[in-house]
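Participant: Sharing a structure with you now.
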Amino acid sequence: MTPHAIQSRDDVMRVAKSETLITPRFYTTDFKAMDALDMNPVRAEWDAMIAEYEGDNNHDHFQRDATFKDEIRQLPPALQQEFLDFLVSSITSEYSGCVLYNEIRKHVDNPDIKQLMTYLTRDESRHANFINASLRDYGLGVDLANLKATKKYTYFKPKYIFYATYLSEKIGYARYITIYRQLERHPDKRFHPIFKWFERWCNDEFRHGESFALMMRAQPHLLRGANLLWVRFFLLAVYATMFVRDHTRPALHIAMGIDPDEYDYRVFDITTEISKQVFPVSLDTNHEAFRAGLRRLVDASSGYTVAKAQGGVIGLAKRAGWALVGVATFAKLYLHPVHRHDLPQRMRVAPAW
Ligand SMILES: [Fe+2]
Ligand SMILES: [Fe+2]
């Protein structure tokens, strides 16, 4: 069962605003440092990418067609809850990108960065609004203006923004394309029409990731030396968060006909392959000990949730115990040896999955 029941608009806002280790956050950063970025080291690739944004091949994509409403079915209660939780967390992370990119856009004069952020804001706002329309079918919906004004913001130095945002864009691509391919093969498992939109949608996320890849390749010091310890940290944080969160939604995965382990490892494989464009290290997600650690994190997270619901002194003690298990397991995963590779000459990758 999902940790949150979603029945009303208030529930939606409570879930969207919740701050746990696995819920999407809102970020702010050092706008002056963003303004000072120099894209000249990657000028040719940068200009080609900006031309793609200008071309806007998805300008007509985020509209419902005539059949959309007809394909919405009544879902079993457990599936409906997990699906709503999935929609609310997806919209929160889409909108998190929208808010961050828009704030950067407003605060910089650097024409390269301003132009890029304008396109990113355009795309993420389309994505968030498209998901919101599906919540409205259930009489729900996220009040985006209210969320922007009231959700807590986490400050990240620009380099953390680059690592984290790059990864969340690329893993977002890998998630959407993996779901799309699965439902393409098994159309009977497509229990909601929104999944048909994922193919062209995920190409936006892919391109967003390319932008951050170029921003990092223009600052090579971010991709070597002691900074690789941060790269490892963000890789693990992003992968582990996704793994734990997906394992709170069993009914969703059963309905789509995908085992959550298989789905997550497939998404890791794709993300790892892509991320070799920027990161000279990658996580050994196919190693048995690494996988055992991820499963242990799921146990720690669900143990923590149960203990929290139990309350009282015993609940508190159990919570502390599970938190320790979580931290120790994360540390062990962090220390697990990584794969190393050289960065390719060609910086850009094509969305070929
Ligand atoms: Fe998006
Ligand atoms: Fe994106």
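Bear in mind that the values in this text are calculations on the coordinates, not laboratory data. Keep in mind the model is a prediction, meaning the values are calculated, not measured. Because the Cβ atoms are built from the backbone with ideal geometry, glycine has one as well, and the counts that use them run over all protein chains shown.
Participant: Report the relative contact order of the range 134-225, percent, no decimals, based on alpha-carbon pairs under 8 angstrom and at least 6 residues apart. It would help to have the intermediate numbers written out before the result.
Facilitator: Working: 50 pairs, mean separation 30.2, N = 92.
Relative contact order of the range 134-225: 33 percent.
Participant: Hey, can you grab everything whose amide H is under 5 Å from the amide H of TYR27? Only 5+ residues off in sequence or another chain; H modelled, so Pro and N-termini drop out.
Facilitator: Close amide H contacts, sequence-distant or interchain: LEU100, THR154.
Participant: Continuing with the same structure: What nm value, rounded to one decimal, do you get for the distance between LEU21 and ARG224 when each label is placed 7 Å out toward the C-beta?
Facilitator: 3.4 nm
Participant: Could I ask something else about it? Going highest first, how would you order 211-219, 183-191 by mean Cβ packing within 10 Å?
Facilitator: Details: 211-219: 21.9, 183-191: 13.7.
Packing proxy ranking, top to bottom: 211-219, 183-191.
Participant: Further, regarding this structure: Between the range 192-207 and the range 114-155, what's the alpha-carbon centroid distance in Å?
Facilitator: When both Cα centres are located, 16 Å separates them.
Participant: Rounded to whole Hz and in sequence order, give me ³J(HN,Hα) for the range 326-341 from the Karplus expression 6.51 cos²θ - 1.76 cosθ + 1.60, θ = phi - 60°, writing x for Gly and Pro.
Facilitator: Taking θ as phi minus 60°, the curve returns x, 5, 5, 5, 4, 4, 5, 5, 5, 7, 4, x, 9, 7, 10, 8 Hz for the range 326-341.
Participant: Lys and Arg at +1, Asp and Glu at -1: add these up for the other residues within a Cβ distance under 9 Å of HIS208 and post the number. Walk me through the numbers before you get to the answer.
Facilitator: Numbers: positive: LYS170, ARG207; negative: ASP123, GLU124, GLU169, ASP204, GLU205, GLU210.
Neighbourhood net charge equals -4.
Participant: Now a separate question. Grab the beta carbon distance between ASP11 and ALA51, set R0 = 35 Å, and tell me the FRET efficiency rounded to 0.05. Write down the numbers at each step before the final one.
Facilitator: Details: r = 43 Å, r/R0 = 1.24.
Working from the Cβ atoms, E equals 0.20.
Participant: Here's something else I'd like to know. So if I take the centroid of the Cα atoms in the range 295-335 and the same for the range 214-293, what is the distance between those two points in Å?
Facilitator: Here the two parts' Cα centres lie 22 Å apart.
Participant: Moving on. Quick check on the exposure proxy: order TYR138, TYR239 from fewest to most C-beta atoms within 10 angstrom.
Facilitator: On the way: TYR138 16, TYR239 22.
With the sparsest Cβ surroundings first, the list reads TYR138, TYR239.
Participant: Now, a different point. For PHE233 and TYR155 in one chain, what is 0.36 nm times their gap in residues minus the Cα-Cα distance, to one decimal in nm? Walk me through the numbers on the way to the answer.
Facilitator: Details: separation 78, 0.36 × 78 = 28.08 nm, distance 1.69 nm.
Contour length minus Cα-Cα distance gives 26.4 nm.
Participant: Helix-only mean residue ellipticity at 222 nm, the chain, DSSP H runs n ≥ 4 weighted -39,500 (n - 2.57), per residue, nearest 500. What is it? All intermediate terms of the calculation are to be shown ahead of the outcome.
Facilitator: Values: 13 runs with 229 residues, N = 353.
Per the formula, -22000 deg cm²/dmol.
Participant: Could I ask something else about it? Would you mind calculating the gained length between ASN146 and LEU343 on full extension (0.36 nm times residue separation, minus the Cα-Cα distance), in nm to one decimal? Could you put the intermediate results ahead of the total?
Facilitator: Values: separation 197, 0.36 × 197 = 70.92 nm, distance 4.24 nm.
Working it through step by step, the gained length comes to 66.7 nm.
Participant: Turning to a different aspect of this structure: Leaving out same-chain residues fewer than 8 places away, which aspartates and glutamates sit with a Cα under 16 Å from that of LYS308?
Facilitator: Of all the aspartates and glutamates, those that pass the test against LYS308 - Cα under 16 Å, at least 8 places apart if same chain - are GLU19, ASP299.
Participant: May I ask you to evaluate 6.51 cos²θ - 1.76 cosθ + 1.60, the Karplus curve with θ = phi - 60°, for each residue of the range 178-194 and list the ³J(HN,Hα) values in order in whole Hz, giving x for glycine and proline?
Facilitator: 5, 5, 4, 5, 4, 7, 5, 6, 10, x, 5, 8, 7, 7, 8, x, 4
Participant: Please list log₁₀ I(q)/I(0) at q = 0.12, 0.13, 0.17 Å⁻¹ for the range 1-134, using the Debye equation with identical point scatterers on the alpha-carbon positions.
Facilitator: Log-scaled intensity ratios, in q order: -0.63, -0.72, -1.01.
Participant: Using the Kirkwood radius over Cα pairs, work out the Stokes-Einstein diffusion coefficient for the chain at 25 °C and 0.890 mPa s, in µm²/s as a whole number.
Facilitator: Numbers: Rh = 21.2 Å.
Estimated via Stokes-Einstein, D reaches 116 µm²/s.
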